[in-house]
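Okay, so here's the structure we're looking at.
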Amino acid sequence: METARNPIPAWKYILALARYRLPLYLASGLLASILFYLFPLIPGLIVREVFDLLTIEGQTPAAARGPLLGLVWLLIGWGIARVIVIVMAGVAETSLHVVVNTLLQRNLLRHVLRRPGGRALPHSPGEAVARFRDDVEQVPAFLSWSIDPVGQALGIGVGVYILAQIDAGITLAVFLPLAAVVFVINLATKRIRAYRRAAQESIGSVTGLVGEIFGAVTVVKLSGAEEQVVSHLDELNEHRRAVTLRDTLFSEFLSTISYNMGNLGTGVLLLAAAGEMSAGRFTVGDFTLFVLYVQWLTFITGMFGSYLARYRQVGVSLERLLELMEGAAPMDLVAHRPLYLLGALPPLDGGGTPDGEPFESLVVKGLTYIFPETGRGVQNVSFETRAGELTVITGRIGSGKSTVVRALLGLLPAEGRLVWNGVPVNRPADFFVPPQAAYTPQVPRLFSEPLRDNILMGIEAGEGRMDRAVRSAVMEEDLKVLDDGLETVVGPRGVRLSGGQRQRVAAARMFAREPHLLVFDDLSSALDVETEGILWARLFDSPPSLSAGMDPRPAVIAVSHRRAVLQRADRIVLMEAGEVIGVGRLAELMAAHPEMRSLWEGIAL
Amino acid sequence: MAAGAPPQLYRNFLNIYLRPNAPKAAGLLVLFGAVIGLELWLPAILGRFVDQALVGEAVPALVRTGGLFLGISFLSQITTVWQTYLATDIGLTATNRLRADLTRHCLSLDLPFHNAHTPGELIERVDGDSGVLNRFFSSFVVQLAGNAVLLVGVLVLLFTIDVRVGAALTGFAVVTIILLGRFASIGIPLWNAAKEVRAGYFGFIEERLSGTEDIRANGAVAYVLHGLARRARAYFRKSLVADVIGSSAFGLTIVLFSIGGAIALGLAAWIYLEGTITIGTAYLIVAYTQLLTRPIEGIIRELDDLQEAGASLRRVGELLALQPGLVDGKDELPPGPLEVRLDRVSFAYADATEAPDEEEPVENRRVLSDVSLDLPPGAVLGLLGRTGSGKTTITRLLTRFYDPDEGAVLLAKRLLPGLRFASLRTRIGVVTQDVQLFNASVRDNLSFFDRTISDERIREALEALELRDWVESFPEGLDTRLQSGGEGLSAGEAQLLAFARIFLKDPGLIILDEASSRLDPVTEARLERSITRLLAGRTAVIIAHRLETIRRADRIAILQDGAVLEQGDRLALLADPGSVFSRLLQTGLEQELA
């Protein structure tokens, strides 16, 4: 099933990322992957020379001291050369890491934002942040290792060649069994994939809960539920501990065997070399060289083993990232895009939204969306609206009102036909954005930025447009009482504003875009009757005040059950249990539908 | 080290989080000692082998020595795995506790703190920093002690071989540790700076992930990506600088070790040429010097970890040192309906000093001035006023999210600051228009993970709200998982669940703050019946900007710009054509019915 979801092998993503900043990748590969494996072969040769020098028959101390000193200096020179390589490798590797992290995070965020919003995240935002952080990090970590096998092959090849020149028989006797053991062990690493995934999921659920707790901190405190949520956190923590321990035990067992094979190899060497050495055909210098190389070459073999394990792990992380991308072409995760980490950051193109052709009509036909989790949703919703008209969607709670507007806007992947000015809309999610449409959700989200940025969100607007948006959203009074006016920082998710203020900011955000179609999802829930009255009056009764530059006759689709709004409506779409049971003016629906009457009278004084 | 966190802090944390694991930590120490002993033994076997071979001993003797070497190295591997497992276990146990403690502590902090820190930022503090501290707890003390023992052990063995070798390499080890230790601490402020930027970066992402629809449908995707790019640039610079310094420290290690290796090789050869040691012993000196790199590298790495852990520890320590501005009281609230009294209360929001961000105080105007309210036990108060007139602030004072600047708030004749928070908040039930759901089952969302609440009680609460059939229509009933964004539930449905939460409590005061604003009229009418049952024998404050919502009120208070414009008995106000209430009722109703 996993392979069905992700038919593209991980190496293709890695290859695409390697090509993103190829010189950087190659530099990091040469320094960190190739020289890294070759460098440690040198001191073994020097040490061998030293010991052979000492054990030559009839060697006089005076004659030996000169060359000895030269060899010692050579060893120090080697150390300095190695450092230069290591520092350069560090710079290249870090740059590569940050570049690739940023590219992945950017591409992910772009896709999450472009996905039908209601289905944007598989779990909580906190859990998604864990993927943005931890799973993303696995990818460059592997990428910078990806050339390693080349360096490993070179290191082993050169090392084994040198040893075989000295004594091919002992070389074979030492390395054949070691290679076999490492190979068998690596077959077992498949399990790592399952264990690692479970461990990462348990980490994600802990992070997710922490995020949710602080997202809902007021409710938690009000409910006096602090201890309960913490003890739930304890449960998730404990689960995390158990699965992480299992993962650690398993992978540690494998890596200990792989990396620390050196000592076992040395033991085998002692057995194999005993005869030759005793017979004087194998010098002490040869012996020291073998001991050093056995350590290093088995370490390299171990690295190769964990290379395979890492490859599997990066596959797990990629899968988890692709879950965030669902609906997009998988390779878009690694699509090459400019990041502007260096040089000048080009200014945001906030140039006034291009004027679309004038809006005439929107026809909605057979709009259907069913939530897979609950099996509820909306079916076969049809209505139409024209420029300058108010269409109100009403119905009981759970009748599907919000679902209709979200499906219409492409925020849910719905079926059905949408026709704008007589032309079918193929991709509503890309079409119903400014200048065609803008939207105020039922529970709008603000960001911890100044009020002005929350309203504009990147569009360029002169004070004229800003003033009109503020006025349309009935925000003038709010601005007067906020100390910094439009520059007021609203706090995380807008917590420093009241619920009504937040809703008006979101409305101003929509108005500032001056779209052809305004979509309100239950704007009135946080507004008092008076304020809401002013808002509707400004929108419909005094359009000249805001029409400079704006479509003189925007259409409005609003979810509401306010009487004043229902009375104003040019058309009411009456919903019941996910279906439209009537479309028409208030009087018509009141006459024809008991449901409309009970909605109207439900709150009679 | 001193730059990371005061030593006292390290001791405190080790005391609190490692002591409960003392037996396991002791076990770890024993294993570590065993690993060291075995490691020291292995080179000695090699040295003997070389000597045996050179003097031409028989092959079987050499093979026996080889066999011994194999056996010892095998044993040392098993011990190593065991040791890692135990260390991980200890680390996770300690960090789990730390994570829970941090969460609990942050929850105890006041709203001004939470208003200044995004959930994403707190994730990085609570979850990210605990993660960094994992290694610190898991193996820091044991590793440091173990490496010190190994270092001293190797040096002592070298001294027994030859005093000059011992002295030279001891000098080398001391210089190396001092140099590296000094160099390593350069990175601390750089790491801190990089971590701060990183926390902001992920805070940005988290906030945007919670508002995908707003961004998407208002065409602001490019704007958000631009914001991400701006933050990524800052992070790139900071982390590059920190990492370059880090890899230079590693480079210095390599230089020093190659010098150490060269010294040992030269010395060993020199002394051998003097004829005082065998070639096997010369080999042993080289091998032990190689072994020396391990504990030195280990100690440096631990100092390195210590600097990263020190940075995390300092932030965690700062966080834990924050005290809630509101001190918990001792008194309990009596059972039964609660009397509510506000006595000449004035209040202005001021950003608390504990908020570290340099954000300007934004709410320092007075939101309430000289407000007095009286509500006898069991009575219902209807609180009216425009948005921003201070209604919600009154509920925040009643639930003691803030204390008033002047005047007093009393429940059942007790001053709020004297009351235990736990008592206060279990005796007050609040439903607001914003409902937060957890990515958890319906049951957990209703009970807030309180496992002592039986399904039967939850069903009764749902029954009382006439919601039982609705919940049972979910695919898995009470076990159905809800998404934190409320996916699949409308905002109105989420609000009904919030009512059910109240039904699970037995509050003496109920505050409904625009609680039914997202409900349609039919559902609201149905809910009215349940609210009647809920309010029976309880005091209530109902806030609405819709007049019909407060028909059940006994008393009415109308707020304007933070002051009480009018208050009194509802029927009396209704009967008085000159009252603001009756005027409001007429204009309001006209607005609704016009």
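The values are calculated or read from the model by the stated rules, or taken from the named source; none is laboratory data. Here the structure is a predicted model, which means the values were calculated and not measured. Using ideal geometry, Cβ is built from the backbone for each residue, glycine included, and neighbour counts are taken over all protein chains shown.
Taken together, the residues in segment A:237-249 that are buried (at least 20 other Cβ atoms within 10 Å of the Cβ) and more than 8 Å from chain B (Cβ to nearest Cβ) amount to 1. Among the residues of segment B:495-515, the one identified as of a type in the set (Gly, Ala, Ser), more than 9 Å from chain A (Cβ to nearest Cβ) and not in a loop (DSSP other than H, G, I, E, B) is B:Ala500.
Taking the criterion of being more than 13 Å from B:Gly251 (Cβ to Cβ) and not aliphatic (A, V, I, L, M), the residues of segment A:62-92 that qualify are A:Arg65, A:Gly66, A:Pro67, A:Gly70, A:Trp73, A:Gly77, A:Trp78. Residue count for segment A:174-230, restricted to those that are within 7 Å of chain B (Cβ to nearest Cβ) and small (Gly, Ala, Ser): 7.
Condition check ((1) under 30 Å from B:Ala321 (Cα atoms); (2) in contact with a helix residue (DSSP H, G or I) (Cβ under 8 Å, 6 or more places away or on another chain); (3) surrounded by fewer than 20 Cβ atoms within 10 Å (Cβ to Cβ)) across all residues:
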| residue | (1), (2), (3) |
| --- | --- |
| B:Tyr10 | yes, yes, no |
| B:Lys24 | yes, yes, yes |
| B:Leu29 | no, yes, yes |
| B:Ala44 | no, yes, yes |
| B:Leu62 | no, yes, no |
| B:Gly67 | no, yes, yes |
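Only one of the listed residues (A:Asp332, A:Asp286) is more than 9 Å from every other protein chain (Cβ to nearest Cβ), of a type in the set (D, E, K, R) and either over 30 Å from B:Ala269 (Cβ atoms) or not in a helix (DSSP H, G or I) (or both). That residue is A:Asp332.
Scanning segment A:6-33 for residues that are of a type in the set (Val, Ile, Thr) and surrounded by fewer than 18 Cβ atoms within 10 Å (Cβ to Cβ) gives a single hit, A:Ile8.
Just one of the numbered conditions (1) at pLDDT below 85; (2) surrounded by 17 or more Cβ atoms within 10 Å (Cβ to Cβ); (3) of a type in the set (Ser, Thr, Tyr); (4) not in a helix (DSSP H, G or I) is not true of A:Ser306: (4). Residues in segment B:156-166 that are assigned to a helix (DSSP H, G or I) and either out of contact with any helix residue (DSSP H, G or I) (no Cβ under 7 Å at 6 or more places or on another chain) or touching a residue at least 24 places away in the same chain (Cβ under 8 Å) (or both): B:Val156, B:Leu157, B:Leu158, B:Thr160, B:Ile161, B:Val163, B:Arg164, B:Val165. Pairing residues of segment A:67-80 that are more than 7 Å from chain B (Cβ to nearest Cβ) with residues that are of a type in the set (Ser, Thr, Tyr), at Cβ distances under 9 Å and at least 6 apart in sequence or on separate chains, gives A:Gly77/B:Ser258.
Scanning segment A:466-503 for residues that are more than 7 Å from every other protein chain (Cβ to nearest Cβ) and of a type in the set (A, V, I, L, M, F, W, C) turns up A:Met466, A:Ala469, A:Val470, A:Ala473, A:Val474, A:Met475, A:Leu479, A:Leu486, A:Val490, A:Leu497. The residue that is nearest to B:Arg135 (Cα to Cα), counting only those in segment B:73-83 that are at the interface with chain A (Cβ under 8 Å from one of its Cβ atoms) and in contact (Cβ under 8 Å) with a residue 12 or more places away in the chain, is B:Thr80. The helices (runs of 4 or more DSSP H) found wholly in segment A:424-534 and carrying at least 1 residues that are touching a residue at least 60 places away in the same chain (Cβ under 8 Å) and within 29 Å of the chain's Cα centre (by Cα) occupy A:428-431, A:451-456, A:499-512. Of all residues in segment B:59-77, at least one satisfies being part of a helix (DSSP H, G or I) and under 40 Å from the mean Cα position of the chain (by Cα). Would you check if B:Asn134 is within 12 Å of chain A (Cβ to nearest Cβ) and either within 29 Å of B:Ala22 (Cα to Cα) or touching a strand residue (DSSP E or B) at 6+ places or on another chain (Cβ under 7 Å) (or both)? The answer is yes for B:Asn134. Here is a check on your reading of the model: is B:Asp89 assigned to a helix (DSSP H, G or I) and facing chain A (nearest Cβ under 7 Å)? Answer is yes for this residue.
Inclusion of A:Val433 among residues that are crowded, with 22+ Cβ neighbours inside 10 Å, more than 8 Å from chain B (Cβ to nearest Cβ) and either closer than 25 Å to A:Arg465 by Cα or modelled with pLDDT of 90 or more (or both) is not warranted.
Exactly one residue out of B:Arg481, B:Arg518 is within 10 Å of another protein chain (Cβ to nearest Cβ), within 28 Å of the chain's Cα centre (by Cα) and not β-branched (Val, Ile, Thr): that is B:Arg481.
With respect to the stated conditions, B:Leu519 fails to be at pLDDT 80 or above, touching a helix residue (DSSP H, G or I) at 6+ places or on another chain (Cβ under 6 Å) and over 23 Å from B:Arg427 (Cα atoms).
Exactly one residue out of B:Leu169, B:Leu179 is out of contact with any helix residue (DSSP H, G or I) (no Cβ under 6 Å at 6 or more places or on another chain) and more than 30 Å from A:Pro444 (Cα to Cα), and it is B:Leu179.
Of all residues in segment B:562-576, those that are farther than 21 Å from B:Pro404 by Cβ have Cβ atoms under 6 Å from Cβ atoms of residues that are at pLDDT below 90 and of a type in the set (S, T, N, Q), 6 or more apart or on another chain, in B:Leu573/B:Ser579; B:Leu574/B:Ser582.
If I ask for residues that are part of a helix (DSSP H, G or I) and facing chain A (nearest Cβ under 7 Å), which ones from segment B:117-131 would you list? If the condition is that a residue be part of a helix (DSSP H, G or I) and facing chain A (nearest Cβ under 7 Å), then B:Pro119, B:Gly120, B:Leu122, B:Ile123, B:Val126, B:Asp127 are the ones that fit. Assess whether A:Thr55 counts as being within 14 Å of chain B (Cβ to nearest Cβ), polar (S, T, N, Q) and loosely packed, with under 14 Cβ neighbours inside 10 Å. In short, no. Would segment B:238-256 turn up any residue that is over 25 Å from B:Phe183 (Cα atoms), among the aliphatic types (A, V, I, L, M) and facing another protein chain (nearest Cβ under 8 Å)? The answer is no, given that none of the residues of segment B:238-256 is over 25 Å from B:Phe183 (Cα atoms), among the aliphatic types (A, V, I, L, M) and facing another protein chain (nearest Cβ under 8 Å). Name the pairs: first residue in segment B:121-148 and within 11 Å of B:Ala94 (Cβ to Cβ) and surrounded by fewer than 22 Cβ atoms within 10 Å (Cβ to Cβ), second residue of a type outside the set (Lys, Arg) and at pLDDT below 80, Cβ to Cβ under 6 Å, at least 6 apart or on different chains? Cβ pairs passing all conditions: B:Arg135/B:Asp305. Could you please find all residues in segment B:157-196 being modelled with pLDDT under 80 and closer than 21 Å to B:Ser258 by Cα? Hits for segment B:157-196 are B:Leu180, B:Gly181, B:Arg182, B:Phe183, B:Ala184.
Within the span defined as segment B:217-224, one or more residues are part of a helix (DSSP H, G or I), surrounded by fewer than 22 Cβ atoms within 10 Å (Cβ to Cβ) and modelled with pLDDT of 90 or more. Could you say whether any residue in segment B:545-557 is over 25 Å from B:Leu424 (Cβ atoms), more than 14 Å from chain A (Cβ to nearest Cβ) and touching a strand residue (DSSP E or B) at 6+ places or on another chain (Cβ under 9 Å)? Yes; the residues of segment B:545-557 include at least one that is over 25 Å from B:Leu424 (Cβ atoms), more than 14 Å from chain A (Cβ to nearest Cβ) and touching a strand residue (DSSP E or B) at 6+ places or on another chain (Cβ under 9 Å). A single entry from A:Ala344, A:Ala329 fulfils the requirement of being modelled with pLDDT of 80 or more and under 25 Å from A:Leu411 (Cα atoms): A:Ala329.
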